[in-house]
Each structure stands twice: as C-alpha cells, then as structure tokens.
1. Got a sec? What order do TRP256, TRP150 fall in by accessible area at 1.4 Å, biggest, i.e. largest, first?
2. Could you please report the charge total around TRP256, scoring K, R as +1 and D, E as -1 over all other residues with beta-carbon less than 11 angstrom from its beta-carbon?
3. For a label point 7 Å from the Cα of TYR332 along Cα→C-beta, name the residues of the stretch 387-405 whose backbone N is under 14 Å from it.
4. On full extension of the chain, what length is gained from HIS116 through TYR309, given 0.36 nm per residue of separation minus the C-alpha to C-alpha distance?
5. Applying 1/(1 + (r/R0)^6) with R0 = 45 Å to the Cβ-Cβ distance of VAL231 and GLN69, what FRET efficiency is obtained, to the nearest 0.05?
6. Using 0.36 nm per residue of separation minus the Cα-Cα distance, give me the extension gain between ASP104 and THR192 in nm, one decimal.
7. How much accessible area does ARG144 have with a 1.4 Å probe, in Å² rounded to the nearest 10?
8. Largest first, how would LYS408, LYS237 line up by accessible area (1.4 Å probe)?
Amino acid sequence: MPFSLHTASHCLEYVIQCLIEKGRLKEEMLELLINPHLKVLDLSKEASFESEVERNLRIVRLASVRCSQLTTLRIGVDCYDVKALKVESQRKAPISNCVKLLEDDIFFTMLQLFEHLQVLDLSYTTYGASCMQSLGATRKPILRELLVKWCPNVTDTVMLEFCIGQSSLYKLSIERTAVTSVGIKFAIEHLTELKEIAFDEEHNILKIFRDVHNESRELKKYSLTKLSIPVNVPYEKGGISLMVSMCPALVHLVMWAIEGITDVELLGFRELKQITSLIFLHDIDLTFPFHGGVVPILRVHGYSLECLYLPPITGGNVHLIIECCPNIRRLYLSIEDRPSDIAEQEEDLRSHEAAPLRMLETLVLLGSTYDSPFVISPEILVFLLSSPALIEIIFRNCPALTDQIIEKACARNTFKYLTKLKFFHCRNVNQKGIDFFMNEMNPYVKNYFGKMW
C-alpha cells in the first residue's frame, strides 16, 4: 500500500501525543513510520507549508537509510498552495518560493542511496536542476520517470547533461521550467525509450518534429506513446503526417483546434495503428472538420478506442459515435445547442441496430459553453444510460433529460457499478428522477451524489 502524507500524519498524531520530548519528536521515533520493505513513498499531497516539507525531508532522510527497495519517491508539492507560497499568478515559476531545506550535494547523496529508484517527483523544489545534472553524470540511480514541474533552474543545458546519462527514461514532465524547444528537441532525440513528455503550451511540437526531420534529412522514428498538440500554434501543411510517421506508436493524443487545419490534414491520424485515446479540444473561434476529418478517423480506429473527447458536435451526430466506437470506455461529448432533427437521430439509431455500449464506464455530456443547453434525442439518452458498466455520469445543461427518461434507463440498467452521479443545470430532473438511482442494487452512488441539478 503506498505510503502517503495522509497516512504519515495519522501516525504522527499518535506518536506526537506519546513521544514528544522537549517540544520535538525524537528522530528514532519518527523512524517507526518507515517500513523497511516500502516500495512507494509519496509525500506530495499536503507539502505546501515549510514545516510540512521539513518533516517530509526528515522522513526521506530516514527512508534513504532504511528503505533500500524504494522504487517511487514523490516529495514535490502535488496540491500547490499559491497563497501559502505567495506566488503571483503572472510569474512563470515560483523562483523565490521553491522549497530548499538541504544543500544540493547533501540531498543528492541521500538520493543515491535509493539504488532501485525508478520514479522521482521533485516538482516545486529547487533540487530539480542539480539532481538532473548529478543523475546524468553518475547514472545512479537509473530513472524511468522524472517530474520537475515548476523547478525554475531546469534549463536546456541541464536537460542536455541529464539526457547523456539517463537515456532509458520513459516519462519526463518539465512544465513551467526554463526549458525551451531546443531542450525538448534534444530530449526527444536522445532519450531513446521516452514514452511521454509534458511541457508548456507555447512550444510547438509539430515544428519540433519538423526541425528534427530537416536537420537529420531522414525519417527517424521515436517511441513516444503520448503527445499533446497545443492551441494557438502556427500550422504548416504536412505537420500531422510527419509527426505520425515519426511517432507511429502513439496511443494517447490530445489536440487543440488549430487555425489552418483541414479535414485532409486530420486524416493523417488514420495511420496511427495503436491509438486508443483521442482528445480533440476546441477554441471558441475554431472548429474541427467533423464529417470530413473526425468521422473517417473514428471509422478506422473507433473499434479500438477506449477514450474519446470531441469538440462541439450536434446532437444528431451522436449516433455516428455510437456506431463507430462500440468498445468505448470513457466518452466526453460537448454538444451544440443548435436545433436538430430528433426523429432522424432516433431513426438512425434504430436502423443501425446499435448494441449497448457494454464497456462504457464514464459518460459526460455537456453544452458547448458553460451556460448553453443542448438538444439530444431522448432515445439516444436512454440508450447511453443503459450501458451496464457505468461508473460515472455527468450531465450539464441537458433539458432533454427528464425523470421519465431516467425511469426508462433504470428499467434497463441496475447501475450496480455507479459511484459518481452529477447533474448540473438539468432543469427537468427532480427528486423523483434521482430516487430511481437510489436502490439496493447500486448502494455506492449514495456516497457520492450531490444536489447539483
């Protein structure tokens, strides 16, 4: 079981009551909190305040001596408390407020004792740069995953030094650091086993791949399985096809609408043989070509897709997604509030004799903007709500959802796996409709439902 700050806090409360000596917890008593067979030490959850970080580093010091089998260490601030660290929202990184309670060489010497360490999270600390340099120089320990988000001193030079000795890294997160496109390009070229890399939005990953290709004069292939194409980047014709050719193993893709993107360009994604997650995000002024671009992609990859997030579509197109993606697990749809032919939607659904989405676990239906309602066929709503594996249901601004529709869905589905149910601004759902979900077959939803309709 992962060791968390929450767990440590409960232990500390008891130990503090019994074992405080002269206002300080004796270090040998703190040692009782550390399991010598520990694999995961996660101290990131509540480390926003200096006193908590200091305590966490004391635990890390003890773990470095006792827990030689540790594979995962997280001391970065996961829940970042802006007020506590007094960071202005406009600043790129909290340079003056990052946590540093030990000298860099002392901290890295301590880190080297974790010989089996594979995952290291140093986010929001000052140790990111020095540890990366030392890890590159000593190659000890050999990491698989490194997170240095909001580490202000991580630069392109640091990236170069790190990559030389840590070529087997799988995952790298460098958001809100000083790394530029030069450093990102170097990492992609030299971390030969890299699967995921997360960086700031202003860096154009399509241009980076084009630069790599132009410099090498050959079509190199990389191991990346997850990529994000940010919004507001200039698009050059052929960029998607080139990226797909260089990253044929992509499994998870996030892409914003880009000015100049065409349906022909989007068709390049049909060549991704292993894709299982497609997330298309939209800018309010831009749209994805749906019928000419998105639908052909779904017709090729829909059977293997597990996660799909689409920009605003009309309710009349939902049946196409149902038809193309029978094994979908997580479906997020933003639906426009334009009137649509409800009868035609229902006829399309019946004519294709669609089978229930038996794998669907998460269903999210939203209006195209926070305040806009959307139109969707009642029959399609019943069909989607009849998915037997549903765990999470979230609707926002859906006037078509009524108590009667919920009653029909509950007649077909026991919702025995449902744990999260949220209805935002669904004005035609009343307590009667909610009560249909509350039965002996799905006891878990009672612990999660809030009055949000």
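The values are calculated or read from the model by the stated rules, or taken from the named source; none is laboratory data. Values in this document were obtained by computation on a predicted structure and should not be read as measured data. Virtual Cβ from ideal backbone geometry, glycine too; neighbours counted across all protein chains shown. Side chains are part of the model used for accessible areas, which takes the heavy atoms of the whole protein and leaves out ligands, DNA and RNA. Shrake-Rupley method; radii C 1.70, N 1.55, O 1.52, S 1.80 Å.
1. On the way: TRP256 70, TRP150 45 Å².
Listed by decreasing accessible area, they come as TRP256, TRP150.
2. Working: positive: none; negative: GLU201, GLU259, ASP283.
Neighbourhood net charge equals -3.
3. 393-396
4. 65.7 nm
5. After rounding, the FRET efficiency stands at 0.55.
6. Details: separation 88, 0.36 × 88 = 31.68 nm, distance 2.81 nm.
Going from the current span to full extension adds 28.9 nm.
7. Counting only protein heavy atoms, ARG144 exposes about 80 Å² to solvent.
8. LYS237, LYS408
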